[in-house]
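To keep things clear, I will list the structure first and then write my remarks on it.
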Amino acid sequence: MNTSTETELAALPLSGSNWELCLPNPVAVPEVVAAAFAEGGSIPARVPGCVHDDLLAAGLIPDPFLGDNEAACVWIGHQLWRYQAQLPPVLAERVDLVADGLDTVAELSVDGAVVGAARDQHRRFRFDVTSKVGAGGRLRIDFSPVYDRAAAVAAAVGPLPTTLDLPFPYVRKMTSNFGWDWGPAVVTAGIWKDIRLETWATARLAHVRPLVSLPDPASRLGVVDVAVEVERTPARTSQVLVCSVEVAGRRASLELPPGTDAATLALEVPDVDLWWPHSLGGQPLYPLIVSLCDRDGRQLDARRTQVGFRSIILKTEVDDIGRGFTFSVNGRDVFATGFNWIPNDTLVARVSEDDYRARLADARDAGAIMLRVWGGGIFEKDEFYNVADEFGLMVWQDFLFGNAGYPETDEFAAEVEAEVRDNIERLVSHPSLALWNGGNEALWGFEEWGWRDVLQGRPWGRRYYLDLLPRLVAELDPTRPYWPGSPASEPVEAGAGSGVAANDPDHGCFHSWVAWNQTDYRGYATSAPRFVSEFGWCAPAAHATLAEALGTDHLASPRDPVLEAHNKAADGPAKINRWLERHFSSPRDTDQWHYLAQILQARAVGFGVDHWRGCWPRTAGALIWQLNDCWPAVSWAAVDSAGRRKPLWHQAKAAFATVRGTVDFGALGPVLAVSNFGLAAWAGQARIRRVRADGLVCAQWRRQVRVEPGEVLRVDLPGALAHPAEAARELLIAEVAGGRQVLSFVPDKDFDYPPPAWSAEVRPLGEDCLVGITAQSLLRDLWLQADRLRADAAVDSGPVTLLPGETHQWRVRGAGALIDVAELRYPVLMSVGDVEAGRAGRGVASGDAVCDD
């Protein structure tokens, strides 16, 4: 028998493998599943997890991520699933059943007696089971089909507009679980986070919110205000309690007399070391301990966390352009380089700390300083924010709304409020957390996507973005800014009738999707939004990732139906092919299609970042859609679901460099923009060359330049650089601070590429090897796809353009064995010339630069 002490809260974990999964009322399920659960049968289950995890482990379903198995698993989301486990006897003054995450519509019972219910995947639940577990008992959690709950709510409130005609607005569940334009419809259910019994006596810390501020970064005086609420047992309400907080060698305490259950403890901490985004400084973290004791000093409860001292302000003042959107960290305005973040696995229960570390390292190593946690996913697990704190990555956190109207009934609003309160409290201590954002594309959708016709005057969620959410942030976390949406042009205080469109590039944050959908990526250069919080380009995952997930048989054609089933973008295959046709000759095979799509993705996104960083300080950030994938896909991701970095990742790293020099072509001629987002001034040579494909220099400009930190130097270039004698045979190359930008004056399909020729050398380097390529002809976007040789092999740099006589060296990690020079052939090593040599049009005499890498 487990008996709690009378001095401290104790936890009895219920996570693990001592659970069973049952299917009480199967509806239209496969025969093998019906047989496994016949006559009250069950299968072993693991918690945390979900039904898909357990069915996979039992061999009852195919992996929904492989091949076309997604469709074979749709039935799972339409069932009632039951998790059950035996509870040990527990005697204590108070016993609570605490569930950190239930997905989604759940009823909990012990020995048949209902002890609680849940209707929200995104928050924690606590149920008093003191009277139910003294002798142990059978814990049962029934998960009803989320589709049924959504249908009931929809019937009550009427139809609401959605982007993808899915039921997600009616339930508080991960939106993308129902499918999205980059992910599968795999509708989960289960205990997706830890679950436990907590025993306690006298009182416990019910709510703890450490609010950390830095009123004057120059003074380095940190302020910590810890808001505390306690819960008392009925028998001990007359006791005096003592609450204390310790941080950085400072301590404060106060008494809570009977009848007082809330207080704020304040501390000042002098000479703190400041937390910075990783490119600007260190990430010192300070342990913070909050303790609750009785008057005799016996500890009843304690919370331990880490905090960091920093100031993050969002500057949104009106100026002569519109309304700005600039993050200022510790008094320093920053250009926010970064990515959007989606759930790292559609089966979110199995995302581990190691997974978070790997993907957030991808962001950090690319030079990103911000991740936007998209509103159609989840509030990520604690480990995500812990790693972001450690790595120096700012987190823009959406509240979980997006691309739809939402019910505003009192019941639904109460659930939203409970969810928001819980997550603000859970995340408030993290120095990485930079912004609370209302949600994704709701304000924009209402204005421009025909929602009014669907709504006919009915509520659609506006009260959340303009009232409830900002009110809760002001109450619970006044240390951070709130913005009503992405995109959104005006702050809440500006009101709903400002007359500025939600997605106005001159105001607030902006989503730039016209280029992908309509105009081609050169369209990025036509505007300088104040902050680009979404833009992207679609391309396939690494070859090895697709081969592992689909099988090589389904990579024989770009139009293979199984391959296309892993491209969820609206009209995605056609759009990829449309843009390829704009720039390249028709690929001869899937290998060329795969290579060209990845190269074009990298060029397009890199072009956007290069242009917008050159517009600083007018444009104050560019967040690429998206960093990661949730399954093997043709998508916007820079890193695919297997953790393989696509050419886009390498191009982002180049575009996010501290110092970057690029050429832009305006109405008055070519301009060099050198941006310096580092801590110190940069001085060095900038060199711009117009060169022939054979390496002959036709025109050249050199200058020693100096750029102060946080500045952009713009230099008008000689017009001769922009006017080639033979546009189909000349390139423009800009070299600044070790980076290289390559521009062509015609599309690749019109460029006169010579047949690719090179020599290669391979040398061992410990467990890795070095692959050196020396160009004997122009090699445009030469890309070593090491994963085509060894599935675990990866390269340390991306595609490169080499002129004749130039050499590039890749370090190949995880090769397992030394690569043979004979293996370095098409399609392992590929350049644009492999597609275009001998196919270009002729007679093109001049033109502006149109492509870059």
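The values are calculated or read from the model by the stated rules, or taken from the named source; none is laboratory data. Everything numeric in this text was worked out from a predicted model, so none of it was measured. For neighbour counting, all protein chains shown are included, and Cβ atoms are generated from backbone atoms with ideal geometry for every residue, glycine included. Surface accessibility is based on the protein's heavy atoms, side chains included, excluding ligands, DNA and RNA. Shrake-Rupley method; radii C 1.70, N 1.55, O 1.52, S 1.80 Å.
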Under the 7 Å Cα-to-Cβ spin-label approximation, THR552 and ARG825 lie apart by a distance in nanometres of 1.5
Just the ratio, please: alpha-carbon radius of gyration of region 543-582 over 2.2 N^0.38 Å, N its number of residues. 1.19
What value, in deg cm²/dmol to 500, does the helix sum -39500 (n - 2.57) over DSSP H runs of n ≥ 4 give at 222 nm once divided by the residues of the chain? -5000 deg cm²/dmol
Sequence of GLU493, GLU70, GLU380 when ordered by accessible area, the most exposed leading, probe 1.4 angstrom: GLU493, GLU70, GLU380
Would you list which lysines come within 20 Å of LYS381, measuring only between C-alpha atoms, while excluding same-chain residues fewer than 8 positions from it? LYS173, LYS193
If you add up the charges near PRO217, with Lys and Arg at +1 and Asp and Glu at -1, over every other residue whose beta carbon is less than 9 angstrom from its beta carbon, what do you get? +2
In whole percents, the bins of 10 Å from zero upward hold the Cα-Cα pairs of region 109-156 as 21, 42, 28, 9, 1
When the accessible area of the chain is computed with all protein chains present and a 1.4 Å probe, what percentage of it is carbon and sulfur? 49
Mean accessible area per residue over the chain (1.4 angstrom probe, all protein chains present, square angstrom) is 35
For region 711-770, restrict the atom set to alpha-carbon positions and state the Rg and Dmax in Å. 17.6, 50
Rounded to whole Å, √(5λ) for the Cα gyration tensor eigenvalues of the chain, largest first, gives 49, 33, 25
If a/c stays under 1.5 just call it rounded; otherwise compare a/b with b/c (prolate if a/b is bigger, oblate if not). Do that for region 315-417, with a ≥ b ≥ c from the square roots of the Cα gyration tensor eigenvalues. oblate
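Compute the FRET efficiency between SER328 and GLU39 as 1/(1 + (r/R0)^6), taking r as their Cβ-Cβ distance and R0 = 56 Å, and round to the nearest 0.05.
Between SER328 and GLU39 the formula returns 0.30.
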Just to be sure I understand the model, the point goes 7 Å from the Cα along the line to the Cβ. What's the resulting THR526 to ALA72 distance in nm? 4.6
Ordering ARG303, ARG644 by how much accessible area each has at a 1.4 Å probe, largest first, what is the list? ARG303, ARG644
What FRET efficiency would be calculated for the residue pair ILE313, ARG790, taking the C-beta separation as r and a Förster radius of 30 Å, to the nearest 0.05? 0.05
Quick one: work out the % antiparallel among DSSP beta bridges in the chain, nearest 5. 85
With every protein chain present, what accessible area does ARG825 have (1.4 Å probe, heavy atoms only), rounded to the nearest 10 Å²? 140
Under the 0.36 nm per residue contour assumption, what length would be gained going from the current alpha-carbon distance of ARG763 and ALA135 to full extension? 219.3 nm
Give me the percent of DSSP beta bridges within region 276-393 that run antiparallel, rounded to the nearest 5. 80
Work out how much length LEU668 to ALA474 would gain on full extension: take 0.36 nm times their residue separation and subtract the Cα-Cα distance, in nm to one decimal. 65.1 nm
Could you put VAL186, VAL29, VAL514 in order of accessible surface area, largest first, with the 1.4 Å probe and the full protein assembly present? VAL514, VAL29, VAL186
How far is the Cα center of region 238-260 from the Cα center of region 131-167, in Å? 40
Probe 1.4 Å - accessible area at THR807, Å² to nearest ten: 90
Net charge near ASP128, counting Lys/Arg +1 and Asp/Glu -1 over other residues with Cβ under 11 Å of its Cβ? 0
So, R0 is 45 Å and r is the distance between the beta-carbons of SER352 and ALA725; what FRET efficiency does that work out to, to 0.05? 0.20
Rounded to the nearest 10 Å², the 1.4 Å probe accessible area of GLU317 is 110
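What translational diffusion coefficient, to the nearest whole µm²/s, does region 41-134 have by Stokes-Einstein, given a Kirkwood radius computed over alpha-carbon pairs, a temperature of 20 °C and 1.002 mPa s viscosity?
139
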